[in-house]
1. Counting just the residues of the stretch 23-39 that are touching a residue at least 40 places away in the same chain (Cβ under 8 Å) and of a type in the set (A, V, I, L, M, F, W, C), which one comes out nearest to GLN129 (Cα to Cα)?
2. For residues that are of a type in the set (D, E, K, R) and at pLDDT 95 or above, scanning just the stretch 38-74, find the one that is nearest to ARG97 (Cα to Cα).
3. Based on this model, can you work out whether ARG133 counts as at pLDDT 90 or above, within 25 Å of ILE35 (Cβ to Cβ) and basic (Lys, Arg)?
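The values are calculated or read from the model by the stated rules, or taken from the named source; none is laboratory data. The structure displayed is predicted, hence computed values, not measured ones. Note that each Cβ is placed from the backbone with ideal geometry, even for glycine, and that neighbours are counted across all protein chains shown.
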Amino acid sequence: MPSERTPSKPGAAGFFAKPFDRDEFVGTVREGLAISRLKNMQATEHSTISRATGHQATLVEKLRQHDGDSARPATHPQEPGSPPAMDPTVSQRAAHRSTIVGHLAMLDTFLLKLTAVHRQTSTRLSAAQDTLRRHAFPQPIRQREGEHLHGLAERP
């Protein structure tokens, strides 16, 4: 007889000895459902972080290209001593750059908050898995039987 109980099927939350305790059964099912929800949340958060990180890299590349294009000399040179002409493309480029920088700032804030939430979800998942292990896989059977017999021997 093995001293530890393990589930026989993948994804099983645990064993329930017959007759089983209703409260233990309900608690184990609740923990299993909580773990399933937390795993789904964690996968969604991870996917969102990956997409946002990719979007961030795209914006950074666009900003680099924009700044590289802005560094090129003007196509029509100015005459010396004349006031600088306001080129409409310069103001459009400045507005475009400002928009990209604004989006990057919002994306950075979003990623910081989402990674904090993701860490909390991971912590909650670990705690729920530990709780399920304690409920579903109690101490080895022989050890519990020995404690039970030992407790009976101490009674007068």
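1. The selected residue is ILE35.
2. ARG51
3. For ARG133, the condition - at pLDDT 90 or above, within 25 Å of ILE35 (Cβ to Cβ) and basic (Lys, Arg) - is not met.
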